[in-house]
Amino acid sequence: MAKHSRYPAYDVWEQHQEWDDHTQKIVGKRRTPHVTHQFFTETEALLLQTVVSVLVDDHRLEVLTFVTQHLDDSAASPIGESQRKVGVPPKKELYRLGLAGVEAESHSMYKVSFVALKPEEQERVLQAVESGNTQNGQAWSEVAPADFFKKLLHDTVGAYYSHPLVWSDIGYGGPAYPRGYVRVEKGLTDPWEAKANGNG
């Protein structure tokens, strides 16, 4: 359970029998992702998972594993990007250069690997990357740190909020098909939706 959950008694997966078979399979795989990194090395994947945990302020392994695997699948995919700002490297290159930059920045600031830092130190490193106020100019010679941070944050948040545990945290009732949402007026919820008073 996330520490900030307004719905501690709610579990959206309890409603999965109401979803169609295809949706059940997709969401079910998100609950128990298989770690099969195709793009990132093991070292890069561990670094990425650590960065992700800082970005979303969540330390649940099942969620972090899913997000990391999702990012790996995306990077390994032959499908191109819909759009990219001029001067920003392709996603595969951006991720690899950016992660190397984060690691180099950690060594420049604290003399140790990012994964070995205290949480507050990890935040400071990522704040430096986000703002572009980095110390290791050579590590960022081929990619702007802020461009990497923006792309990684965008992709991370998208994956994070597609995990059913996070759905439960925010009170999202899950896919509407085929049952549908009936009580759509402001302030009303269907009987099976989360209640903010914590009663599920």
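The values are calculated or read from the model by the stated rules, or taken from the named source; none is laboratory data. All values reported here derive from a predicted model rather than from experimental measurement. With ideal geometry, Cβ positions are generated from the backbone for all residues, glycine too; neighbour counts draw on all protein chains shown. Surface areas here come from the heavy atoms of the whole protein model, side chains and all, with no ligands, DNA or RNA. Shrake-Rupley method; radii C 1.70, N 1.55, O 1.52, S 1.80 Å.
Scanning for something closer than 16 Å to GLY101 by Cβ and in contact (Cβ under 8 Å) with a residue 60 or more places away in the chain, does the stretch 54-61 turn up at least one residue? Lay out the reasoning, then the answer.
The first filter runs over the stretch 54-61 and keeps only residues closer than 16 Å to GLY101 by Cβ, leaving 54-55.
Now restrict to residues that are in contact (Cβ under 8 Å) with a residue 60 or more places away in the chain: 54-55.
Yes, the stretch 54-61 has at least one match.
Can we say PHE40 is part of a helix (DSSP H, G or I), farther than 22 Å from THR189 by Cα, at pLDDT 95 or above and open to solvent by less than 100 Å² (accessible area, probe 1.4 Å)?
In short, no.
Would it be correct to say that ALA159 is under 15 Å from ILE26 (Cβ atoms) and modelled with pLDDT of 85 or more? Before the answer, list the steps.
Numbers: under 15 Å from ILE26 (Cβ atoms): yes; modelled with pLDDT of 85 or more: yes.
Yes, satisfied.
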(Q) Given the condition within 30 Å of TYR7 (Cβ to Cβ), of a type in the set (D, E, K, R), at pLDDT 95 or above and not in a loop (DSSP other than H, G, I, E, B), answer yes or no: does some residue in the stretch 169-191 qualify? (A) no
Q) Can you find even one residue in the stretch 70-85 that is among the acidic types (Asp, Glu), in contact with a helix residue (DSSP H, G or I) (Cβ under 8 Å, 6 or more places away or on another chain), farther than 21 Å from GLN127 by Cβ and open to solvent by less than 20 Å² (accessible area, probe 1.4 Å)? A) yes
(Q) Name the single residue that is nearest to ALA100 (Cα to Cα) among those in the stretch 114-145 being assigned to a helix (DSSP H, G or I), open to solvent by 40 Å² or more (accessible area, probe 1.4 Å) and among the aliphatic types (A, V, I, L, M). (A) VAL115
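THR65: open to solvent by 40 Å² or more (accessible area, probe 1.4 Å) and within 27 Å of VAL27 (Cα to Cα), yes or no? Full working, then the answer.
Numbers: open to solvent by 40 Å² or more (accessible area, probe 1.4 Å): no; within 27 Å of VAL27 (Cα to Cα): yes.
Criteria not met by THR65.
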